[in-house]
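The values are calculated or read from the model by the stated rules, or taken from the named source; none is laboratory data. All values reported here derive from a predicted model rather than from experimental measurement. Cβ coordinates were reconstructed from backbone atoms using ideal geometry, including for glycine residues, and neighbour counts include every protein chain displayed. Heavy atoms of the whole protein, side chains included, go into the accessibility calculation; ligands, DNA and RNA do not. Shrake-Rupley method; radii C 1.70, N 1.55, O 1.52, S 1.80 Å.
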Amino acid sequence: MAPRSFWKGYLKLSLVTCPVAMAPATTESEKVRFHTLNRKTGNRIVSRYVDSVTGKAVDEDDEVKGYERGENEFVILEDEELDAVALESTRTIDIEMFVPRDSIEWIWFDTPHYLTPDDPVGEEAYCVIRDAMVATGMVGISRLVMYRRERAVMLEPRGRGIVLWTLRFGDEVRDEQDYFGDIERQSAEPTLMTLMEKLIDKQKKPWNPSMVTDPIQQKLLDIIASKKKGRKRPAKVKVEEEAAPSNVINIMDALRKSISQETRTKKR
């Protein structure tokens, strides 16, 4: 069963409007989560904000946002001032523009959400917007208040629905030239490229979600199950340190050995 929508509002394009609902496209609800306890009593520990100078707990009504402008000097912003700079509407996804889908690189994508029609009457308008984006290869760009802050969002058709991606802002993406700029511009030797492509081809497989399962999750569940049954905690496995690979290698020999090893593995 699909989880309940956490947001409901309207999708708007010019004069075309339709009611929509939104739910996260990913989940971490199945992850093992822990609470911090008092070992002596077994009770949960409650976190509270305390004054960094007096050490006393601060009442929720006295908590305010502050921007640091100097050492131990802050500009205080009230909730009303923060609300004043937010979008006027938090319930309408007003598509402001369209851009080619392939012009937005993956690094700008943040969190995906499924956007669905929330009314049989408005479903036709929803489908028209979706199909028009498919036909033109475009995606919609808008803004929306989510998780208590304004976010840029992208609307992308996917199958019979639309996925809404929150996008990172410009100052959140670092310039790749700061990291890749010093890498030498040189083309690989054709012989090495041929061997590397052959190795990639031997290791090629169709995508399957099982390729990205979490091995730690199952181990934690096994430990928890053992403790529930009163068994002893499993002995800690000694992990041997990996030897650092030598920097002096013959790439040609390494590729040939890799291809040979992959061939033997597939035959077995």
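Annotations for the structure displayed:
- Test: Glu96 is touching a residue at least 12 places away in the same chain (Cβ under 8 Å), surrounded by 10 or more Cβ atoms within 10 Å (Cβ to Cβ) and of a type in the set (D, E, K, R): yes
- Check on Thr263, farther than 30 Å from Val32 by Cα, of a type in the set (Val, Ile, Thr) and at pLDDT 70 or above: yes
- Residue match in region 44-52 (condition: in a strand (DSSP E or B) and either on the phi < 0 side of the Ramachandran plot or touching a strand residue (DSSP E or B) at 6+ places or on another chain (Cβ under 8 Å) (or both)): yes
- Listed by first and then second residue, the pairs linking a residue in region 26-45 that is among the charged types (D, E, K, R) to a residue that is in a loop (DSSP other than H, G, I, E, B), with Cβ atoms under 6 Å apart and 6 or more places separating them unless they lie on different chains, are Arg44/His35.
- The condition of being within 30 Å of Cys127 (Cα to Cα), in the same structural domain as Leu11 (by the TED database) and in contact with a Pro (Cβ under 7 Å, 6 or more places away or on another chain) holds for only one of Val153, Val163, that being Val163.
- Failed condition for Lys198, given (1) over 30 Å from Met252 (Cβ atoms); (2) in contact (Cβ under 8 Å) with a residue 24 or more places away in the chain; (3) basic (Lys, Arg): (1)
- Boolean, Lys31 is part of a loop (DSSP other than H, G, I, E, B), open to solvent by less than 100 Å² (accessible area, probe 1.4 Å) and basic (Lys, Arg): yes
- Among (1) open to solvent by less than 70 Å² (accessible area, probe 1.4 Å); (2) among the small types (Gly, Ala, Ser); (3) free of Cβ contacts under 8 Å to residues at least 60 places away in the same chain, the one test that Gly122 misses: (3)
- Some residue of region 110-127 being assigned to a strand (DSSP E or B) and β-branched (Val, Ile, Thr): yes
- Total residues in region 130-145 satisfying the condition of being in contact with a helix residue (DSSP H, G or I) (Cβ under 8 Å, 6 or more places away or on another chain) and among the hydroxyl-bearing types (Ser, Thr, Tyr): the figure is 0.
- Flag for Asp79 being on the phi < 0 side of the Ramachandran plot and in contact (Cβ under 8 Å) with a residue 60 or more places away in the chain: no
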